[in-house]
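Each remark here refers to the structure printed beneath this line.
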Amino acid sequence: MPLLALLVFAIIQFGFIIAAHITVQQASAIGARRAGWIGSTNDAPAVALAALAPMLDPAKGTATLGTTVISGVGTAQTMTVTYNLPMILPPSLFGGILPATMTITKTSTMK
């Protein structure tokens, strides 16, 4: 029975990790779109962090806006969003080989 419970929680954790990856990727794309297409670079990091909700806590993420030069095209805005996702399975359960948090970093570039 404990092995079955462990398997169920591992499947749930895997689902949370996939959902968090998708959410962070979408947040970086929204922030880059805000800065690149709309041209609003002042609030683009805040918009990217707000896009983490409701799946993730925006207060626990960071967003960084940068500029990338693309040859033949010009400059584009690059948004990098980083989030530390806490694991629901305790690391001590597996002898400490699993981390307590997983850092997810996604970058999007838009002109």
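Quick notes on this one:
- Set Thr68, Thr64: member being under 23 Å from Pro86 (Cβ atoms), assigned to a strand (DSSP E or B) and more than 11 Å from the chain's Cα centre (by Cα): Thr64
- Filter result (hydroxyl-bearing (Ser, Thr, Tyr) and closer than 19 Å to Thr101 by Cα) within region 36-79: Thr62
- Within region 34-61, being over 21 Å from Leu85 (Cα atoms) and in contact (Cβ under 8 Å) with a residue 12 or more places away in the chain holds for Arg34, Ala35, Gly36, Trp37, Thr41, Ala44.
- The C-beta contact set for region 62-91 (first residue touching a residue at least 60 places away in the same chain (Cβ under 8 Å), second residue among the hydrophobic types (A, V, I, L, M, F, W, C) and assigned to a strand (DSSP E or B), distance under 7 angstrom, 6+ apart or interchain) comprises Tyr83/Ile104; Leu85/Met102; Leu85/Ile104; Met87/Met102.
- Within region 59-74, one or more residues are exposed (fewer than 12 other Cβ atoms within 10 Å of the Cβ), hydrophobic (A, V, I, L, M, F, W, C) and in contact with a Lys or Arg (Cβ under 9 Å, 6 or more places away or on another chain).
- With respect to being under 29 Å from Leu3 (Cβ atoms), among the hydrophobic types (A, V, I, L, M, F, W, C) and modelled with pLDDT under 95, Ile17 fits the description.
- Considering Leu93, Leu49, the condition of being in contact with a helix residue (DSSP H, G or I) (Cβ under 6 Å, 6 or more places away or on another chain) and either among the hydrophobic types (A, V, I, L, M, F, W, C) or assigned to a strand (DSSP E or B) (or both) is satisfied by Leu49 alone.
- Positions within region 26-49 being surrounded by 15 or more Cβ atoms within 10 Å (Cβ to Cβ) and of a type in the set (A, V, I, L, M), in sequence order: Ala27, Ala29, Ile30, Ala32, Ala35, Ala44, Val47, Ala48, Leu49
The values are calculated or read from the model by the stated rules, or taken from the named source; none is laboratory data. None of the values given here were measured: they were computed from a predicted structure. All Cβ positions, even for glycine, are placed from backbone atoms using ideal geometry, and neighbour counts span all protein chains on display.
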